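First up is the structure itself, then whatever we jot down about it.
The values are calculated or read from the model by the stated rules, or taken from the named source; none is laboratory data. Please read these numbers as outputs of a predicted model, since none were measured by experiment. Don't worry about glycine lacking a Cβ; one is built from the backbone with ideal geometry, like all the others, and counts go over all protein chains shown.
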Amino acid sequence: MKVLVCDPVAPQTIQALQEAGIEVDNRPDITAEELLRDAANYHGMVVRSRTKVPAEVIDAATNLKIVVRGGVGLDNIDVKHATSKGVAVRNTPKASSNSVAELALGYMLALARHIPQATMSMTAGEWQKKTLKGTEVAGKTLGLIGFGNIGSLLGRKAAALGMEVIFYDVITPPDPGPAQQVSLDEVLNRSDYISLHVPLLPATKNMLNAETIAKMKDGVYIVNCARGGVIDEDALCEALVSGKVAGAALDVYLDEKVTPGNPKLYELKDENGFNLVIGSPHIGAATVEGQARVGTEVADILIEFYKENF
């Protein structure tokens, strides 16, 4: 079995695959053009969020048997087309869940206490002690949109800090822990913080838009460590400018290419010149521990597939 690794994975992942007898071609910087050209040479493919596996790649990969996505979502893979071609698609939905949940929690605390803005002011040689008065998260209501592996973990962590946790999900979990399941409108109406934990699907695209934001509390904070596209970024801009949304923390974006003014949300400032949006370049799963768990699960999936099919 020959496997193409298209994105960076932990070194122990490569080692485990090789020790199991799998031939590995580690090309973490492979381009879309190279992938299309060379896809037919491989039985398996490992991707993260960078590499896209559209229908044309699947059609070109005439020997492909399995694609493993190291991470939660599968929106960068044409799963329906792969399945129609007999190609198995797997992911690692739990491996990086705690990493993402901790980032979302960190963002909530950073928004509450203006930590990035304080750092920027100190770097500029300023002492903005009175300007940067924050709030506590204890006693506030956290509304989770999506209550899967990540959302439920975040709910437990937030409850431990004294937050009331409510959530909306189309599925009723067997054990919601300290969280209460409510309607989407109730999450929008009651929450002081809203954190999104849903995949990007037709039903979730722009689910936070001008209409749904209008239902929120004035001064709400929004955190998105899920997927770009679930928030209408233009509507979020308008809500931040008007003050309807007090601040936002984003790890994901509609367009994840680095270009001037993208995303334009980072150009928005408050009356003191501080950013209304804080964020990061899609690093939710990027922890040492999370990457190790992802790598282990990726290797386990491929080794099991190899033993069963080769």
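Numbers below:
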| quantity | calculated |
| --- | --- |
| Condition check for ALA104: within 24 Å of the chain's Cα centre (by Cα) and either at pLDDT 95 or above or over 17 Å from VAL298 (Cα atoms) (or both) | yes |
| Which numbered condition VAL24 fails, given (1) over 30 Å from THR204 (Cα atoms); (2) out of contact with any Leu (no Cβ under 8 Å at 6 or more places or on another chain) | (2) |
| Criterion: surrounded by fewer than 20 Cβ atoms within 10 Å (Cβ to Cβ), under 20 Å from the mean Cα position of the chain (by Cα) and under 26 Å from ASN98 (Cα atoms) - qualifying residue of LEU254, LEU208, LEU196, LEU250 | LEU254 |
| Qualifying residue in segment 150-159 (condition: closer than 20 Å to ILE278 by Cα, hydrophobic (A, V, I, L, M, F, W, C) and either modelled with pLDDT of 95 or more or outside any loop (DSSP other than H, G, I, E, B) (or both)) | yes |
| Residue match in segment 169-179 (condition: closer than 28 Å to CYS237 by Cβ and buried (at least 17 other Cβ atoms within 10 Å of the Cβ)) | yes |
| Qualifying helices (runs of 4 or more DSSP H) (wholly inside segment 5-87; at least 3 residues being closer than 21 Å to LYS257 by Cβ and at pLDDT 95 or above) | 32-38 |
| Subset of segment 133-151 [out of contact with any Cys (no Cβ under 8 Å at 6 or more places or on another chain), in contact (Cβ under 8 Å) with a residue 40 or more places away in the chain and under 21 Å from ASP192 (Cβ atoms)] | VAL137, LYS140, THR141, LEU142, GLY143, LEU144, ILE145, GLY146, PHE147, GLY151 |
| Test for GLN128: is it more than 22 Å from ILE213 (Cβ to Cβ), surrounded by fewer than 16 Cβ atoms within 10 Å (Cβ to Cβ) and touching a Phe, Trp or Tyr at 6+ places or on another chain (Cβ under 9 Å) | no |
| Lone unmet requirement of (1) assigned to a loop (DSSP other than H, G, I, E, B); (2) free of Cβ contacts under 8 Å to residues at least 40 places away in the same chain for ARG227 | (2) |
| Positions within segment 268-310 being in a loop (DSSP other than H, G, I, E, B) and in contact with a Gly (Cβ under 7 Å, 6 or more places away or on another chain), in sequence order | LEU276, ALA285 |
| Qualifying residue in segment 88-107 (condition: more than 23 Å from GLY295 (Cα to Cα), of a type outside the set (Asp, Glu) and in contact with a Cys (Cβ under 9 Å, 6 or more places away or on another chain)) | yes |
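Yes/no per residue for (1) in a helix (DSSP H, G or I); (2) at pLDDT below 95; (3) touching a strand residue (DSSP E or B) at 6+ places or on another chain (Cβ under 9 Å); (4) under 20 Å from ASN224 (Cβ atoms):
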| residue | (1), (2), (3), (4) |
| --- | --- |
| VAL100 | yes, no, no, yes |
| LEU111 | yes, no, yes, yes |
| SER121 | yes, yes, no, no |
| THR131 | no, yes, no, no |
